[in-house]
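Notes for the one structure printed next.
The values are calculated or read from the model by the stated rules, or taken from the named source; none is laboratory data. The shown structure was predicted, so the numbers you read here are calculated from the model rather than taken from an experiment. For neighbour counting, all protein chains shown are included, and Cβ atoms are generated from backbone atoms with ideal geometry for every residue, glycine included. What goes into the accessible areas is simple: the full protein's heavy atoms, side chains included, and nothing from ligands, DNA or RNA. Shrake-Rupley method; radii C 1.70, N 1.55, O 1.52, S 1.80 Å.
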Amino acid sequence: MPHKSSAKATTPTGNSDFIVVSNRLPVDRVVNEGSDDGWRRSPGGLVTALAPVMAAREGAWVGWHGAADETLEPFHHDNMDLFPVALTADEVELYYEGFSNSTLWPLYHDVIATPEFHRTWWDSYQLINKRFAHAAADAAAPKATVWVQDYQLQLVPQYLRELRPDLRIGFFNHIPFPSPEIFAQMPWRKPILEGLLGADLIGFQRPNDSANFLRSARRFLGAGVKAKQVHVKDATGKNTHIARAEPFPISIDVNQIQTLARRPDVIARSQQIREELGNPTTLLLGVDRLDYTKGITHRLKAYGELLEDGVVTVEDAALIQVASPSRERVETYKQLREDVEGMVGRINGQHDTIQNTAVRYLHHSYPVEEMVALYLAADVMLVTALRDGMNLVAKEYVAARGDNTGALVLSEFTGAADQLKQALLINPHDIDGLKAVILRAINLPKAESARRMRAMRRQILDHDVQRWSEDFLSTLAQKAVRDDS
């Protein structure tokens, strides 16, 4: 599978033997919060999973620091050397809001929304990916391990290999990878596949995702694929390396969620949430980014019809829908917000009483403590995504339910459905089927609920986010040993 070289190899100059490359640095800027250097570690599973690896090795992180038109020098924070990549406002619009989130995101989520293909976006995507690759190459010590994260940086592995052929390169795709039939729409499908095949190990969330990638490599590049491996050749036909693709389903920081779920103040807050809603017999919960992939309108339609049918009443049940803001400048997301808020208004207008509300809609982001309180308060968790790489909210809900109560209604189109097989699985497009399963979840016998939750908790406790990172990095290291031998 030949590819054209577009970068000249450089001499190693960096000191870091383990480098993570992602669109964003793992820190947020803070003001007057007692931070010595004006930064604090970002919340999130990826940072939590990799922090111990960073501390144990000469770790570095390459990423954008979140402010456009600002250039920062490398700095050290929380056992990590941080290498900021500068982006202009125009580049954020073209590379990030444009190609990453209006081309790749809808295409990779089965074209639930229509992807847009613009050559100026693609030009910017290539330029920024090269910038990230150069930053990683400059930071890396000889024979370092570099782990590139997610769909915004799919070209980095190839660029990085051309700059630094001595490096061990991994890539992880946090979102789905589409079937070849859908990926075929991408005008730049070949260079994207070649970019990913610059990695030694390419990780995906689900077996179907890695299979889709390998099928696309075979179909669009004529690559020889055998036992999840591709023998990658340069422009002269010489073998450069073997790229391997396989699933590594990501998980959560189980210890953090469980610790919070046992905290007295979090438990008290969960009880307060129920009281504020009039202590309904059943509290249902949806927690999502406001994104068209999450199936929020399908969930609201099903719940609204249950109320209209009279099988659920506002006196006995309430739905909390948390929809955190997302890409609010993109027209598709503006329309989605209008649709969701319109549906909530109609349902509440028709069914609310003075004492009770049908849907409590919250268009905010919340700290993890409040999220765990919501998980503890909710009898039924509704995850109705139309397409999702994993869906960590489902796993967080299960981790929080230390008493083995509660019910998880889970879309079969999430990666989490592969691991949480004891959830009540649904096809969110089937509104009648979704209604039936929501009703079943509301009335689930305690013994069945406990049995299902116990099995799901066991799976998550055995497969937390630390194990995910360890599995990926150990597989990458073993592959390097085999390739060298």
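Points worth noting:
- Taking each residue as 0.36 nm, the span from ARG219 to HIS231 lengthens on full extension beyond its C-alpha to C-alpha distance by 2.8 nm.
- Volume in Å³ per residue [convex hull over Cα atoms, computed for the stretch 205-257]: 105 Å³
- Computed over the chain, the ratio Rg/Rh where both radii use C-alpha atoms and Rh is Kirkwood: 0.98
- Reducing the stretch 275-330 and the stretch 164-203 to their Cα centroids gives an inter-centroid distance of 36 Å.
- Cα gyration tensor, the stretch 183-222 - rounded (a/c under 1.5), prolate or oblate: oblate
- Length released on extending from LEU439 to ASP78, taking residue separation times 0.36 nm less the Cα-Cα span: 125.2 nm
- Principal-axis tilt of helix 465-484 within the chain, Cα atoms, nearest 10 degrees: 20 degrees
- Residues ARG164, ARG263, ARG329, ARG218, ordered by accessible area of protein heavy atoms at a 1.4 angstrom probe radius and largest first, appear as ARG329, ARG218, ARG263, ARG164.
- ASN356 paired with LYS190, simple spin-label distance in nm, labels 7 Å along Cα-to-beta-carbon: 6.3 nm
- Probe 1.4 Å, accessible area per residue of the chain, Å²: 41 Å²
- FRET efficiency, VAL311 to ARG467 (Cβ-Cβ, R0 45 Å, nearest 0.05): 0.60
- Selection among VAL340, GLY310, ALA358 by position relative to the dipole of the stretch 293-372 gives VAL340 as farthest towards the positive end (Cβ unit charges, Cα centre).
- Residue list for the stretch 352-375, given a label point 7 angstrom along the Cα-to-Cβ vector of GLU341 and an amide N cut-off under 17 Å: 359-365
- Sulfur and carbon atoms: percent of accessible area, the chain [1.4 Å]: 49 percent
- Whether the stretch 253-373 is rounded, prolate or oblate, judged on the alpha carbon gyration tensor where a/c under 1.5 counts as rounded: oblate
- Pairs from LYS190/LYS421; LYS226/LYS479; LYS226/LYS294 whose Cα-Cα separation, in the structure shown, is over 25 Å: LYS190/LYS421; LYS226/LYS294
- Computed over the chain, the per-residue total of -39500 (n - 2.57) for DSSP H runs of n ≥ 4 gives a 222 nm mean residue ellipticity of -12500 deg cm²/dmol, rounded to 500.
- Estimated at 0.36 nm per residue, the fully extended path between LYS238 and ASP37 surpasses their Cα-Cα distance by 67.5 nm.
- Cα long-axis angle, helix 207-221 against the chain (0 to 90 degrees, to the nearest 10): 40 degrees
- Rounded, prolate or oblate (a/c below 1.5 giving rounded, otherwise prolate when a/b exceeds b/c) for the stretch 289-441 by Cα gyration tensor: rounded
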